[in-house]
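Report on the following structure.
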Amino acid sequence: MSETTPIPAGDLPGAVRLRVAPSPTGDPHVGTAYMSMFDLAFARQQGGRFILRIEDTDRARLQADSEQQIYDTLRWLGLTWDEGPDVGGPCEPYRQSERLETYRPFVERLLAAGHAYHCWCSPERLTQMREQQQRRKQPTGYDRMCLGKTRDERAALPGCAQTPVVRMLIPDDVETSFVDLIAGRIDAPVPDDQVILKADGFPTYHLAVVVDDHLMGITHVVRGQEWISSTPKHLLLYRWLGLEPPHFAHMPLLRDEKKAKISKRKNPWARLTWFRENGYLPEALVNFLALQGYPPIVADNGTEREVFTFDEFAQRFEWSKVNPAGSMFNLDKLDWLNGVWMRELEVGDFACRLLPFLEADCVLSDNPSLGELARLRSVAALIQSRMVKLTEATDLVAPFFLSDDMIVIADDARAQLDDRSAEVIDAALAVLGDIDDHGRGLLGSESDWSAERIQSCLREAIVEGLGVKARVAFGPLRTAVSGRRISPPLFESMEILGKTSTLNRLQALRETL
Ligand code: GLU
């Protein structure tokens with residue numbers, strides 16, 4: 001443990017300093033990204049710093065891979081921190097379990113000043129006490145059995161544990177109201193004699209958060225409204241310790257469509273990894289999270305916009321505009337935003353975003369060739385405007401990477417074929433067979449095998465020649481080349497597949513009719 005004196009808060013870098021302080025107790029919660037996005041927006045706007053602190057004092061709920069998942073998901077969203085356990089910084093260490101020695105002197109000071117006291121009550125005794133209070137319809141809270149007692153005095157009474165905890169002695173006239181950057185003056189409930197040091201020697205959240213926010217020079221604490229009831233305790237600790245408190249901004253809670261606070265147990269999308277797995281773009285999720293607590297931004301031309309980049313948001317962000325009531329999590333809205341953001345991407349970038357999904361579904365290997373990548377780019381341009389989520393890519397892209405004999409005709413596609421399908425395919429085979437595809441791909445030479453040419457030949461032969469309505473004429477051809485009833489645009493698909501593949505696939509379906 002380093003014994004270095006902490007840098008005075010005023011000498012730490014950054015005009016403002018904000019932090020997100022997740023506990024690594026499982027799959028990261030979407031709330032962590034939500035807080036981080038507001039933290040980072042304000043920090044960037046003010047030329048400040050954004051700090052990631054890992055609050056791992058709850059040893060019972062710790063999960064080994066959770067910390068890494070926090071790093072991965074926040075980085076995926078582009079919500080990157082200036083200081084943190086993995087990147088270091090002037091207030092190291094940034095993991096609370098590595099700061100145990102830091103908290104002790106603060107506890108000693110509180111004990112010496114009479115603001116805190118030892119409590120030996122065993123967990124069983126506390127449970128009994130609580131049950132009794134509930135039966136008697138009394139307010140629940142610690143009954144101060146240990147207050148003012150020495151260890152020996154306490155040991156003479158029942159329900160005494162070996163190792164004591166340390167509790168705050170909440171004064172009767174505790175100030176329970178405070179000013180919040182978002183909601184203005186807030187009245188919180190009177191706190192209980194909160195435990196600040198546990199029997200295992202670890203501080204509780206309440207002590208650690210105050211000590212660390214102070215030592216790390218945090219100027220603005222941004223956290224969910226569920227922490228409002230804790231703030232009076234924190235303000236007491238600041239006062240007792242003679243420390244300047246930060247500003248507080250309690251963010252509206254993320255709520256599900258039934259207005260209930262979202263939880264990982266009830267809502268799969270409370271897990272941050274869910275969005276990545278389900279094909280959402282980080283740009284869309286960041287935009288969506290901003291809208292959970294903030295109105296549409298006003299663009300330079302005065303119009304309101306729901307679609308905005310993180311930078312646009314950060315430039316315009318104001319605490320007073322955060323909506324304390326929040327809004328409900330609407331996944332349809334997220335889908336819409338995702339589609340919008342998908343269409344915004346440069347096509348090469350869009351193709352890259354598809355890769356992990358195509359690799360996971362074995363459409364492509366994890367080391368695709370240049371030829372495969374070029375083909376993917378062409379396909380990406382065809383499907384970019386038709387997709388809502390990246391997870392839809394596999395179905396649309398796979399036919400372009402399967403060998404011709406691997407095309408399986410889906411049942412619903414086959415069901416749509418009718419007695420004229422054979423005739424249509426024969427006509428297509430004849431007319432497409434005549435298109436010259438020489439020179440395809442050669443520099444400076446144009447092949448005739450182009451979507452435009454394919455389209456005009458097919459129209460002439462099938463719609464005009466056979467008199468089949470355009471709406472139904474191309475169904476069998478689409479089914480032949482993709483195996484599906486719905487596919488990317490047909491003529492462009494044929495161009496990408498090339499003449500040989502197209503004819504092979506038409507021929508294969510024809511033989512089954
Ligand atoms: N560790 C707390 C959490 O998991 C942090 C709360 C705060 O930001 O003060 O949410």
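Within the set Asp200, Asp213, Asp172, Asp192, the sole residue that is free of Cβ contacts under 8 Å to residues at least 40 places away in the same chain and either in a loop (DSSP other than H, G, I, E, B) or open to solvent by less than 20 Å² (accessible area, probe 1.4 Å) (or both) turns out to be Asp172. Flag set for Ile70, criterion: within 12 Å of the ligand (Cβ to nearest atom), crowded, with 24+ Cβ neighbours inside 10 Å and among the aliphatic types (A, V, I, L, M). All of (1) touching a Leu at 6+ places or on another chain (Cβ under 6 Å); (2) more than 28 Å from His220 (Cβ to Cβ); (3) not hydroxyl-bearing (Ser, Thr, Tyr) hold for Trp319 with one exception: (2). Of everything listed in (1) of a type in the set (D, E, K, R); (2) at pLDDT below 95; (3) more than 24 Å from the chain's Cα centre (by Cα), the single unmet condition for Glu92 is (2). Would you confirm whether any residue within the stretch 41-56 is more than 14 Å from the ligand (Cβ to nearest atom), open to solvent by 20 Å² or more (accessible area, probe 1.4 Å), more than 16 Å from Gly217 (Cα to Cα) and of a type outside the set (S, T, N, Q)? The answer is yes; a qualifying residue exists. Among the residues of the stretch 475-500, those that are modelled with pLDDT of 95 or more and of a type in the set (A, V, I, L, M, F, W, C) comprise Leu477, Ala480, Val481, Leu490, Phe491, Met494, Ile496, Leu497. With a requirement of 3 or more residues that are farther than 29 Å from Ala451 by Cβ, the helices (runs of 4 or more DSSP H) lying completely within the stretch 300-403 that satisfy it span 310-316, 331-344.
Quick check on Leu79: is it aliphatic (A, V, I, L, M), crowded, with 23+ Cβ neighbours inside 10 Å, touching a residue at least 12 places away in the same chain (Cβ under 8 Å) and within 17 Å of Leu272 (Cα to Cα)? Criteria met by Leu79.
Taking the residues in the stretch 216-235 that are more than 10 Å from the ligand (Cβ to nearest atom) and of a type in the set (A, V, I, L, M) as candidates, determine which candidate is least open to solvent (accessible area, probe 1.4 Å). If we take residues in the stretch 216-235 being more than 10 Å from the ligand (Cβ to nearest atom) and of a type in the set (A, V, I, L, M), then Met216 is least open to solvent (accessible area, probe 1.4 Å).
Out of everything in the stretch 243-258 that is of a type outside the set (A, V, I, L, M) and not in a strand (DSSP E or B), what residue ends up being farthest from Gly31 (Cα to Cα)?
Glu244
Here the stretch 462-513 is the region considered, the condition is being open to solvent by 30 Å² or more (accessible area, probe 1.4 Å) and among the hydrophobic types (A, V, I, L, M, F, W, C), and the residue that is nearest to the chain's Cα centre (by Cα) is Ile486.
For the stretch 315-359, a tally of residues being under 18 Å from the mean Cα position of the chain (by Cα), at pLDDT 95 or above and aromatic (Phe, Trp, Tyr) returns 3. Looking across the stretch 134-164, the residues that are in contact (Cβ under 8 Å) with a residue 24 or more places away in the chain, surrounded by fewer than 17 Cβ atoms within 10 Å (Cβ to Cβ) and within 24 Å of Trp240 (Cβ to Cβ) come down to Gly141, Arg144, Leu147, Gly148, Arg151, Thr163.
Being on the phi < 0 side of the Ramachandran plot, of a type outside the set (Asp, Glu), open to solvent by 50 Å² or more (accessible area, probe 1.4 Å) and over 30 Å from the mean Cα position of the chain (by Cα) narrows it down to one residue among Arg185, Arg167, Arg271; which is it? Walk me through it before giving the result.
Details: Arg167 fails: open to solvent by 50 Å² or more (accessible area, probe 1.4 Å); Arg271 fails: over 30 Å from the mean Cα position of the chain (by Cα).
The match here is Arg185.
The condition (being charged (D, E, K, R) and modelled with pLDDT of 95 or more) is satisfied by just one residue among Asp256, Asp213: Asp213.
Counting the residues of the stretch 8-27 that are at pLDDT below 95, within 14 Å of the ligand (Cβ to nearest atom) and either in a helix (DSSP H, G or I) or open to solvent by less than 10 Å² (accessible area, probe 1.4 Å) (or both) gives 1. Yes or no: Ala208 small (Gly, Ala, Ser) and either open to solvent by 40 Å² or more (accessible area, probe 1.4 Å) or within 12 Å of the ligand (Cβ to nearest atom) (or both)? For Ala208, the condition - small (Gly, Ala, Ser) and either open to solvent by 40 Å² or more (accessible area, probe 1.4 Å) or within 12 Å of the ligand (Cβ to nearest atom) (or both) - is met. Among the residues making up the stretch 274-295, those that are open to solvent by 40 Å² or more (accessible area, probe 1.4 Å) and assigned to a loop (DSSP other than H, G, I, E, B) are Asn278, Pro295.
The values are calculated or read from the model by the stated rules, or taken from the named source; none is laboratory data. This one's a predicted model, so the numbers in the text were calculated from it and none came from an experiment. Every residue, glycine among them, receives a Cβ derived from its backbone with ideal geometry; neighbour counts consider all protein chains shown. Note: accessible area is taken over every heavy atom of the protein model, side chains too, but ligands, DNA and RNA are not part of it. Shrake-Rupley method; radii C 1.70, N 1.55, O 1.52, S 1.80 Å.
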